[in-house]
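Before any comments, here is the structure.
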Amino acid sequence: MSESKTEAQISLPLLPLRDVVVYPNMVMPLFVGRELSIAALDAAMGSNKQIFLVAQKSPEHENPGADDVYEHGCVASVLQLLKLPDGTVKVLVEGQYRAAMTSSEERQGYVLAHVEESHTEFLEEREADILSRSLTTQFEHFVKLSRKVPPEVIASTQSIEEPGRLTDTIAAHLTMALEDKQKILEFKSLRSRIELILAYLESEIDLLQIERRIRGRVKKQMEKTQREYYLNEQMKA
């Protein structure tokens, strides 16, 4: 991927991620071991500590190039970097904003990505309020039914007023398929992001309710069997 750079673009080292999508305002620890990733981090630390985080299309690629990652990623700041004794690096990053890679070039041991900020198509205040409330309600319902998300996450989402940030925060706590998480990152329309998450939550809630009903029936049957066994043993005595 090699094209001329425009004035609207910035150039950042590219850090490919396996099975992870980072959203704006998201703070995440990453463990980095591949040479090209360490080289990208070194380049970022030697400059303005900004890096372009982007998911790999296939996690099997050991040395992914620009064609092996998605075009849309997240510009992030490196908050902390620690080199471990085994040669790997632990890095703490914070997502800043969505961006799309328009071109790239090979540098010494890493890929330099030329990226442009991706702007969100926001909603009118009333629609944003309605969709945000629906999203919060469904997420709270999901958390109460599921053991996959810590209950304290609900409190953190309740304090978020901005719909875009709320959407990204909830998406970050869901175990969605990588392709769906990537869509949420790529969609310019905030409505589309919220609708995708709502569809996922509704599907998961339905499954969790079915599982709960099945467990309830199994528990009742086991209790009935135990009572019958106990009565039979008493009669034998």
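The values are calculated or read from the model by the stated rules, or taken from the named source; none is laboratory data. For clarity, every value in this text was computed on a predicted model and none was experimentally measured. Positions of Cβ are backbone-derived with ideal geometry, glycine not excepted, and every protein chain shown enters the neighbour counts.
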Leu174 passes all but one of the listed conditions (1) part of a helix (DSSP H, G or I); (2) touching a Phe, Trp or Tyr at 6+ places or on another chain (Cβ under 8 Å); the exception is number (1)
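Could you tell me which residue of segment 83-117 is nearest to the chain's Cα centre (by Cα), considering only residues that are part of a loop (DSSP other than H, G, I, E, B) and closer than 20 Å to Asp68 by Cβ? Show your work before the answer.
Within segment 83-117, the subset part of a loop (DSSP other than H, G, I, E, B) is 84-88, 107-110.
Adding the requirement that they be closer than 20 Å to Asp68 by Cβ leaves 107-110.
Numbers: Arg107: 28, Gln108: 30, Gly109: 27, Tyr110: 24 Å.
Checked segment 83-117; the qualifying residue nearest to the chain's Cα centre (by Cα) is Tyr110.
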Restricting to segment 75-96, what's the tally of residues that are farther than 17 Å from Ala43 by Cα and touching a helix residue (DSSP H, G or I) at 6+ places or on another chain (Cβ under 7 Å)? 0
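Could you list, in sequence order, the residues of segment 29-46 that are part of a loop (DSSP other than H, G, I, E, B) and in contact (Cβ under 8 Å) with a residue 12 or more places away in the chain?
So the first thing to find is which residues in segment 29-46 are part of a loop (DSSP other than H, G, I, E, B), and the list is 33-34, 46.
Gly33, Arg34, listed by residue number.
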Is at least one residue of segment 159-166 over 12 Å from Leu135 (Cβ atoms) and among the polar types (S, T, N, Q)? yes
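Within segment 147-169, identify whether any single residue is hydrophobic (A, V, I, L, M, F, W, C), within 23 Å of Asp19 (Cα to Cα), modelled with pLDDT of 95 or more and surrounded by 14 or more Cβ atoms within 10 Å (Cβ to Cβ), and answer yes or no. Let's see the steps before the verdict.
Quick first cut of segment 147-169, residues hydrophobic (A, V, I, L, M, F, W, C) only: 149, 153-155, 160, 166.
Now drop any that are not within 23 Å of Asp19 (Cα to Cα), which leaves 149, 153, 166.
Cutting the leftovers down to modelled with pLDDT of 95 or more gives us 166.
Next, from what is left, pick out any that are surrounded by 14 or more Cβ atoms within 10 Å (Cβ to Cβ): 166.
Yes, segment 147-169 contains a residue that is hydrophobic (A, V, I, L, M, F, W, C), within 23 Å of Asp19 (Cα to Cα), modelled with pLDDT of 95 or more and surrounded by 14 or more Cβ atoms within 10 Å (Cβ to Cβ).
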Could you check segment 136-162 and list, in sequence order, the residues that are touching a Ser or Thr at 6+ places or on another chain (Cβ under 7 Å) and of a type in the set (A, V, I, L, M, F, W, C)? Phe139, Ile160
Inter-residue pairs, beta-carbon under 8 Å, first in the same structural domain as Glu62 (by TED's automatic domain parsing) and closer than 15 Å to Arg98 by Cβ and in segment 16-28, second surrounded by 19 or more Cβ atoms within 10 Å (Cβ to Cβ) and among the acidic types (Asp, Glu), 6+ apart: Tyr23/Asp168; Pro24/Asp168; Asn25/Asp168; Met26/Asp168
If only one of Ile194, Ile210 is of a type outside the set (Asp, Glu), assigned by TED's automatic domain parsing to the domain that holds Ser156 and over 30 Å from His119 (Cα atoms), which one is it? Ile210
Which condition number in (1) at pLDDT 95 or above; (2) over 18 Å from Gly164 (Cβ atoms) is the one that Arg107 fails? (1)
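To keep it simple, each residue is scored yes or no on (1) touching a Phe, Trp or Tyr at 6+ places or on another chain (Cβ under 9 Å); (2) modelled with pLDDT under 95.
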{"residue": "Lys5", "(1), (2)": "no, yes"}
{"residue": "Gln9", "(1), (2)": "no, yes"}
{"residue": "Pro16", "(1), (2)": "no, no"}
{"residue": "Ile51", "(1), (2)": "no, no"}
{"residue": "Val54", "(1), (2)": "yes, no"}
{"residue": "Pro64", "(1), (2)": "no, yes"}
{"residue": "His72", "(1), (2)": "no, no"}
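Inside segment 181-210, can you point out the residues that are under 16 Å from Tyr23 (Cβ atoms), charged (D, E, K, R) and either buried (at least 17 other Cβ atoms within 10 Å of the Cβ) or in contact with a Leu (Cβ under 7 Å, 6 or more places away or on another chain) (or both)? Can you show your working first?
Taking segment 181-210 as the starting set, the residues that turn out to be under 16 Å from Tyr23 (Cβ atoms) are 181-190, 192-194, 196-197, 200.
Cutting the leftovers down to charged (D, E, K, R) gives us 181, 183, 186, 188, 193.
Of everything in segment 181-210, those that are under 16 Å from Tyr23 (Cβ atoms), charged (D, E, K, R) and either buried (at least 17 other Cβ atoms within 10 Å of the Cβ) or in contact with a Leu (Cβ under 7 Å, 6 or more places away or on another chain) (or both) turn out to be Lys181, Lys183, Glu186, Arg193.
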Against the conditions (1) at pLDDT below 95; (2) loosely packed, with under 13 Cβ neighbours inside 10 Å; (3) out of contact with any strand residue (DSSP E or B) (no Cβ under 8 Å at 6 or more places or on another chain), where does Val143 fall short? Just the number, please. (2)
